[in-house]
Amino acid sequence: MKYQISGKQIDIGDALSTHVKQELGSVIEKYAQRPTDALVVFSKNAHEFVCEAVVHLSTGLTAQASAHAIEIYAAFDECAEKMDKQLRRYKRRLKDHHRDRMNPVEVLGGASYILAAGDEGENAEPDTLQPIIIAEMETLVQTISVGEAVMQMELAHVPVLVFRNEKTNGVNVVYRREDGNIGWIDPGTTA
C-alpha cells in the first residue's frame, strides 16, 4: 500500500509517519485485503491539530475521516478510530463486493465545474445565460452497483454521487434527501 503523509505548513517527522503507517495499516488490514493507497494530511487550525485521511480501496470505494485534537498524535488516533468505525460498519458489504468483483472497478474521467454564485441575490435576473466558471477539475465516474454507490456516498461523506450503473451501463445519481432517506435517479428507466 502506498502512503502519502504530509502537513500543511507543519513539519511531519519520521516518528509520526511511522506511527501513521502502522496504525492505519492495521485498521485497514482488518477490513480490506487490497487497499491501494492512503492520503493523510495534517494541518493546524488555531490551537488544534487537524488530521484528514482518505483511503482508496481496490474495489473502487474511498473511505475518508477527519478529526481534530490539541495534540497531533491524538488527532491522528481519533481519525484512525473514525476510519475503523466506518470500515467496520461496512465490513460485510466490503467483503461481499470484494468476492464478487475480481477486477478493479472501471473508472471513467469526467469534468467537474464550480460555478460562481450570483451577487445580485436569488431573484435577480442574470446578464447572460452563460454561468461564470470559477474552477474546473477532473472527476472520476465509477462503474458500480447502486448498493455500492450508496455505500461509497456514505463512506466519502458526500451528499451526491454520480456513477455508471453496472447493470444498465447508464449514468445514475444517488443523493441524500432532506428527510434523511437516499434518493436514486436512473434516467434509463421509466415507472
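Add +1 for every Lys or Arg and -1 for every Asp or Glu among the other residues with Cβ under 15 Å from the Cβ of residue 9, and state the total. After counting each charged neighbour, the total is -1. In loop segments of region 1-74 as defined by DSSP, the trypsin sites (Lys or Arg not before Pro) with at most 15 further C-beta atoms inside 10 Å of their C-beta are 8. Ranked for footprinting exposure by Cβ neighbours inside 10 Å, fewest first, 146, 160 give 160, 146.
In region 2-99, what % of DSSP beta bridges are antiparallel (nearest 5)? Percentage antiparallel, nearest 5: 75.
Sorting 1, 153 by the number of Cβ atoms found within 10 Å of their own Cβ, with the fewest placed first, yields 1, 153.
Extent along the principal axes, Cα only, for region 2-99: 44, 22, 18 Å, with the longest axis given first. Remark: for residue pairs 2/44; 85/167; 2/167; 8/91; 30/167, the C-alpha separation exceeds 28 Å in 85/167; 2/167; 8/91; 30/167. Annotation: extensible slack from residue 186 through residue 45 equals 46.7 nm (criterion: 0.36 nm per residue apart, minus Cα-Cα distance).
With a Förster radius of 25 Å applied to the beta-carbon distance between residue 11 and residue 139, the computed FRET efficiency rounds to 0.20.
Each reported figure results from applying straightforward, stated rules to the coordinates on display, with no laboratory input. Here the structure is a predicted model, which is why all the values come from computation and not from measurement. As a convention, Cβ positions derive from the backbone with ideal geometry for all residues, glycine included, and neighbour counts pool all protein chains shown.
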